[in-house]
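Working notes, beginning with the structure itself.
The values are calculated or read from the model by the stated rules, or taken from the named source; none is laboratory data. As the structure is a computational prediction, the values presented were derived from the model and not from experiment. Cβ coordinates were reconstructed from backbone atoms using ideal geometry, including for glycine residues, and neighbour counts include every protein chain displayed. Accessible surface areas use protein heavy atoms only, side chains included; no ligands, DNA or RNA. Shrake-Rupley method; radii C 1.70, N 1.55, O 1.52, S 1.80 Å.
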Amino acid sequence: MTDAPGELRRSLGLADAVVIGLGSMIGAGIFAALAPAARAAGSGLLLGLAVAAAVAYCNATSSARLAARYPSSGGTYVYGRERLGEFWGYLAGWCFVVGKTASCAAMALTVGVYAWPGHAHAVAVAAVVALTAVNYRGVQKSALATRAIVSIVLAVLAAVVVAAFTSGPTDATRLEFDSGLPLTGVLQAAGLLFFAFAGFARIATLGEEVRDPARTIPRAIPLALGITLLVYAVVVVAALSVLGPQGLSEATAPLSGVVRAAGVGWLEPVVRVGAVVAALGSLLALILGVSRTTLAMARDRHLPHTLAVVHPRFAVPHRASVAVGFVVAVAAATADLRAAIGFSSFGVLLYYAVANAAAWTLTAAEGRPVRLVPVVGLLGCLILACTLPTASVLSGVAVVVLGAAIYTARRNFATRSAATGRSR
């Protein structure tokens, strides 16, 4: 049963929404993003984390106010369409689906790299198939699985932090800033670390499945973001205290390097398992969110309308879920991990830029945020997107242009068809 024909069931409470947000954020990013961020920022890594958190807070606030106003599947695709016009909503949805599909592939490949490095692509495809099946069974099944995954990952991160702070190599002077911090390096680190924060939008994209969304979503998003920031800050401080900026930048598996340097090498297999579980949690939540935005775009015929179907028993967009799973499986079988992460970050930052622009148009009666929030969020997203690696920026721009061209061609075709019909 659903709330109405063709609609999704409102079955998620506050705890479920927070857990899904945590599962989206506290994932493989914390296991993988620290090293490249440290290479970019050096001793300014904590500053990069603070910048990423500030931009994420603005984005989260804007998204929460918009989600309370428009509690339906699709997230910023819906907000952009309603507040800025059809094109901007379409562009946000396009950036989200394409960027987050790349994120799904990156998370699946992370599972493969940690679980069975010699067969990473095969393991990645198997993970996508398994988690697509979980999502097919219903959002409550996904929420329960995410709750278990988050618990395991938090336990592993806690073990790493305790090992770091109780070991001999820990040195608080490694947290000190060097003179002449590179601004561009700090911003690039923020862009890389933002990849690990971006999951809070998953709560907004599930707006049609949340009970009392006007109350639940504005509470769930900042709660999930605050918990994630606290966890990340503690982990970054622990890693820097043991390895220092240079050692952290050279680590291929940063948290494994922390436990080795701390003299508790027996914990390394546990950290490896934690990375696999974290990546699975992120992948589960990502597939969940992308399928809902696909559903919303299919309803408006920006994607094939056959995907706009809700399963009569499981109350999920089952065709959209299967389609997303298929595309992600193909990408996971062929993509490069680093390229997928950079490409994803660019698309996601543009997605949130549209969200902040839409939030600016809210009136006081509609619950608009403080005016400075969407301004800082919009500028922050655009600046961080421009500081990403050049290849990521160029490929991202190319895909955005392609999306705009498809939209224009579709509109022109519809206009010509309508004109032909009238002439008859």
Within region 332-354, tally of residues that are outside any helix (DSSP H, G or I) and either open to solvent by 40 Å² or more (accessible area, probe 1.4 Å) or without any contact (Cβ under 8 Å) to a residue 40 or more places away in the chain (or both): 1
Count of residues meeting criterion [part of a helix (DSSP H, G or I) and open to solvent by less than 70 Å² (accessible area, probe 1.4 Å)] in region 358-368: 3
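Would you say Leu91 is touching a Leu at 6+ places or on another chain (Cβ under 8 Å) and at pLDDT 85 or above?
yes
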Selected residue (only one of Ala163, Ala190, Ala158 is modelled with pLDDT of 90 or more, over 20 Å from Phe346 (Cβ atoms) and crowded, with 16+ Cβ neighbours inside 10 Å): Ala163
Some residue of region 140-160 being more than 17 Å from Gly289 (Cβ to Cβ) and not in a helix (DSSP H, G or I): no
Test: residue in region 388-409 that is of a type outside the set (A, V, I, L, M, F, W, C) and under 17 Å from the mean Cα position of the chain (by Cα): yes
Criterion: open to solvent by 10 Å² or more (accessible area, probe 1.4 Å) and assigned to a helix (DSSP H, G or I) - qualifying residue of Leu284, Leu181, Leu280: Leu280
Matching entry among Ser241, Ser249 (being more than 30 Å from Val18 (Cβ to Cβ) and either part of a helix (DSSP H, G or I) or at pLDDT 90 or above (or both)): Ser249
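For every residue, the table says whether it meets (1) out of contact with any Asp or Glu (no Cβ under 7 Å at 6 or more places or on another chain); (2) open to solvent by 90 Å² or more (accessible area, probe 1.4 Å); (3) in a helix (DSSP H, G or I).
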residue: Val370; (1), (2), (3): yes, yes, no
residue: Val373; (1), (2), (3): yes, no, yes
residue: Gly377; (1), (2), (3): yes, no, yes
residue: Leu388; (1), (2), (3): yes, no, no
residue: Ser392; (1), (2), (3): yes, no, yes
residue: Arg410; (1), (2), (3): yes, no, yes
